[in-house]
Amino acid sequence: MTARPLRELLRVPAGQRLDLGRRDPAATPAGPADKAAGRAATAAMAQPLGSFQERLYAASTAGDRRRLLLVLQGMDTSGKGGTVKHVAGLFNPSGCRIKAFKAPTAEEREHPFLWRVRKALPQPGEIGVFDRSHYEDVLIARVRELVPPDRVERRYAEINRFEESLADDGVTVVKAFLHISYEEQRARLLARLDNPDKHWKFSPDDIDERALWPAYQEAYELALERCSTGAAPWFVVPADHKWYRNWAISKLLLEHLEEIGPRYPPGDFDVGECRARLLAT
C-alpha cells in the first residue's frame with residue numbers, strides 16, 4: 001500500500017469545522033521513529049530540496065513564473081524562527097527571500113494590510129518564507145481588538161482572493177500552523193528564563209499573552225477554517241517535538257516542489273558549435 005502524502009494527513013479540509021483541541025501537538029503522524037531518525041531524515045532531504053530549488057531558479061531564467069511561498073504561523077515559542085534556521089538552511093540562501101513580519105510601521109499602517117505583504121513576495125524562481133504574515137491581521141487584530149470586528153470579518157475574504165491571485169500567478173503557497181501545547185510553551189518560556197543567553201528572547205508580555213491562549217486558539221481555528229482553500233490550503237503541523245516539526249515542514253516543501261516539477265530549460269545555442277569554438281581557444 002502506498003503511503004499517503006504528508007500534506008493529505010496534515011491538511012485542513014476546506015469548509016470543515018476545525019477543533020485544535022482534538023489535534024495532538026505531540027503527535028508525529030507519518031514521521032520517523034524517533035528524534036535521531038528524524039534528524040537524519042531531515043538532513044537526507046537537503047540534496048533533493050536543493051536540486052529542486054536550482055531547477056526552479058533555472059526555469060525562471062527562461063520565463064517560468066513559478067515560485068514557492070512558505071507561510072509560518074504559530075503561538076510564541078512554537079518554532080517559527082527555528083524552522084527558518086533548520087529548514088530554510090537546507091536551501092541556497094541566494095535563491096531564498098525570508099521576511100519576518102513585526103508590528104506594522106507608521107508607513108505600513110497608512111496602507112491596506114496586504115500592502116507590506118505584496119512587497120515581500122518571492123520573485124519567479126525563488127523560495128519565500130514568511131515568519132508570521134498577513135494572518136496577524138485576523139489573529140492578534142481579532143484577539144486584541146485592534147480593528148473593528150466587521151473589518152476583521154472582511155479580511156478573511158480579502159486574504160482568500162489575494163492567495164488565489166498568487167496561485168494564478170504561479171505561486172505555490174504552503175501555509176503551516178505550528179501547533180504547540182500550552183504546557184510545552186510554558187516549558188520553553190521557562191527555559192528562556194533559566195538561560196541568561198536567551199533573556200533577549202523573553203518579555204514579561206509573554207506571560208500576559210498566555211492569559212489569552214483560549215482567544216488565540218479560537219482566532220486560529222477561525223482563520224484556518226475560513227482560509228484553507230484549494231488554492232492555498234492550511235496544514236496543522238504538530239510542534240511539541242522540534243525534530244518532527246523540522247522534518248514535517250521539509251517533507252511538505254519536498255512534496256510541493258515535486259508537484260511543481262521544475263526542469264532545467266534547454267539551451268538556445270548550438271552546443272556542438274560552441275564546443276568547437278571553445279576547444280579552438
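For the reader, a short list of remarks on this structure follows.
- Between the beta carbons of Asp268 and Asp169, assuming R0 = 25 Å, the FRET efficiency works out to 0.50 to the nearest 0.05.
- Cα gyration tensor, segment 76-204 - rounded (a/c under 1.5), prolate or oblate: oblate
- Computed on the Cα atoms alone, the convex hull of segment 213-268 gives a volume of 118 cubic angstrom per residue.
- Amide H partners (placed H, <5 Å) of Thr172, local residues excluded: Arg67, Leu68, Leu69
- The chain: C-alpha gyration tensor shape, a/c 1.5 cut-off, then a/b vs b/c: prolate
- Listed values for segment 263-274 are Karplus-derived 3J(HN,Hα) couplings in whole Hz (6.51 cos²θ - 1.76 cosθ + 1.60, θ = phi - 60°), namely 10, 5, x, x, x, 9, 9, 7, 4, x, 5, 5, and x replaces Gly and Pro.
- Karplus (6.51, -1.76, 1.60) ³J(HN,Hα), θ = phi - 60°, over segment 252-259, in Hz, Gly and Pro reported as x: 4, 5, 5, 4, 6, 5, 4, 5
- Extended-chain gain in nm, criterion 0.36 nm per residue less alpha-carbon gap, Ala191 and Ala3: 64.0 nm
- Measuring only protein heavy atoms, the 1.4 Å probe finds Tyr156 accessible over about 10 Å².
- Of the GluC sites (Glu not before Pro) in segment 191-281, not one is in a loop by DSSP (not H, G, I, E or B) with at most 13 other beta carbons within 10 Å.
- About its Cα centre, the dipole of the chain is roughly 440 debye, where the only charges are +1 on Lys and Arg Cβ and -1 on Asp and Glu Cβ.
- Positive-pole candidate from Ala248, Leu56, Ala36, dipole of the chain, charges at beta carbon: Ala36
- Per residue accessible area of segment 22-149, 1.4 Å probe, in Å²: 50
- Between Ala167, Ala88, Ala106, the GNM of the chain built on Cα springs shorter than 10 angstrom shows Ala106 fluctuating the most.
- Cβ-placed point charges (K, R +1; D, E -1), dipole of segment 1-148 about Cα centre in debye, nearest 20: 160
- Probing with 1.4 Å while keeping every protein chain in the model, the per residue accessible area of segment 166-281 equals 52 Å².
- The chain, accessible surface, carbon-and-sulfur percent (1.4 angstrom probe): 52
The values are calculated or read from the model by the stated rules, or taken from the named source; none is laboratory data. If you're wondering where the values come from, they're calculated on a predicted model, not measured in any experiment. Glycine also receives a Cβ, built like all others from the backbone with ideal geometry; neighbour counts cover every protein chain displayed. Please note that ligands, DNA and RNA were not included when accessible areas were found on the heavy atoms of the full protein model with its side chains. Shrake-Rupley method; radii C 1.70, N 1.55, O 1.52, S 1.80 Å.
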